[in-house]
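Q: Have a look at the structure that comes next, please.
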Amino acid sequence: MQELRGKVVAITGGASGIGRALADAFGGAGMQVALADIEAGPLDAAVAELAADGIDAAGWVCDVSDDEQVHAFATSTFERFGTAHVVCNNAGVGGAGGLTWEVPLAGWEWTIGVNLMGVVHGIRAFVPRMVEQGDGHIVNTASLAGLKAAPFMAAYNATKHAVVAISESLAHECAMTAPGVGVSVLCPAFIRTRIAESGRNWPDRLGANPSPPSDSPMAGVMRQLVDNGLEPSVYAARVVDAVRTNRFFVLSDDAHASATQRRLDEMVEGTPPKMLTL
């Protein structure tokens, strides 16, 4: 999809982090922007900032773990803008961390509901419309953790591996049935976002929040890794390029492609998994 000007992009998790950077990047390329986010205040601010930059934008509060809310976002996008050419299933949370056998079931449910089912809901809501119009591109946000797993992040790793697999299946299916619809999967490493604070959006329906206290060693390590990460704009620029060139895997750094090679070597050699060095 070489020409983006005048077209429409829909982005979940669009009020902050990668989603907000995607809105700037696609809006700067001349696209109209539909944003969804669970946080109303930041969402309103993002829409106002985009409008101040001359970008035609609108926003809707949406919990991507709820299928009906994602379908409502898709319907609102098509009613407001007439169509959607690029859909970024981007909303995500850091998830419940800790030893795999100690993560509470509520933590698994939250992480899977947002990171995995949020992508599934976005695909179900938007892709049939894109197939019908014969034109579009889907970008699913996974993670480097979807290519090589790290300790103390089992729920997060599981969802991101699943997003990579779903994206690959979707790419095959679109190539077979709707060649005008492309697919990319974004696999960033650590990035300067508020993902370490995603527990702020923990749903009350799941009971007590299992996220570690903000002053815990685990939370401190996560903040340090995030603070030393790349700016979201770096990833956004790569995503825009991927849409234009129909690139499937979008990595934060080409050097991170070694993660897949290391995993393949471990599979072939039968050796225990080694930690990925960033």
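No lab work stands behind these numbers, since they all come straight from the coordinates. The structure presented is a predicted model; accordingly, all values stated were derived computationally and were not measured. Virtual Cβ from ideal backbone geometry, glycine too; neighbours counted across all protein chains shown.
Q: Connecting C-alpha atoms closer than 10 Å in a GNM of the chain, tell me which of 43, 264, 230 has the biggest fluctuation.
A: Among 43, 264, 230, the largest GNM mean-square fluctuation belongs to 264.
Q: Which value at 222 nm does the chain reach when only helices count, each DSSP H run of 4 or more adding -39,500 (n - 2.57), with the total divided by all residues and rounded to the nearest 500 deg cm²/dmol? Can you show the working numbers first?
A: Numbers: 9 runs with 125 residues, N = 278.
My calculation for the chain gives -14500 deg cm²/dmol from helical runs alone.
Q: Using Cα positions and a limit of under 15 Å, work out the aspartates and glutamates in reach of residue 7, with same-chain residues fewer than 8 apart set aside.
A: Straight-distance partners of residue 7: 24, 56, 79, 135.
Q: Using every alpha carbon pair in the chain, what percent of pairs falls into each 5 Å bin from 0 up to the bin containing the largest distance?
A: With a bin width of 5 Å, the distribution comes to 1, 6, 13, 18, 20, 17, 12, 8, 4, 1, 0, 0.
Q: Need the list of aspartates and glutamates near residue 274 for cross-linking: C-alpha distance under 14 angstrom, and skip anything on the same chain fewer than eight residues off.
A: The reachable aspartates and glutamates, counting only those whose Cα sits under 14 Å from residue 274, are 265, 266.
Q: Report, to the nearest 10°, how far helix 217-227 tilts away from the longest principal axis of the Cα atoms in the chain, using its own Cα long axis and a range of 0 to 90°.
A: 40
Q: On a 0 to 90° scale, report how tilted helix 17-28 is relative to the longest principal axis of the chain, with both axes built from alpha carbons and the result rounded to the nearest 10.
A: 30
Q: Report, to the nearest 10°, how far helix 258-269 tilts away from the longest principal axis of the Cα atoms in the chain, using its own Cα long axis and a range of 0 to 90°.
A: Approximately 50 degrees, to the nearest 10.
Q: Provide 119, 164, 8 in ascending order of the number of other Cβ atoms located within 10 Å of each residue's Cβ, fewest first.
A: Working: 119 29, 164 18, 8 22.
Going from sparsest to densest Cβ surroundings: 164, 8, 119.
Q: Another question, then. Express the C-alpha Rg of the range 1-74 as a ratio against the empirical globular expectation 2.2 N^0.38 Å, rounded to two decimals. Could the numbers behind the result be given before it?
A: Working: Rg = 11.6 Å, N = 74, 2.2 N^0.38 = 11.3 Å.
Relative to the 2.2 N^0.38 Å estimate, the range 1-74 comes out at 1.03.
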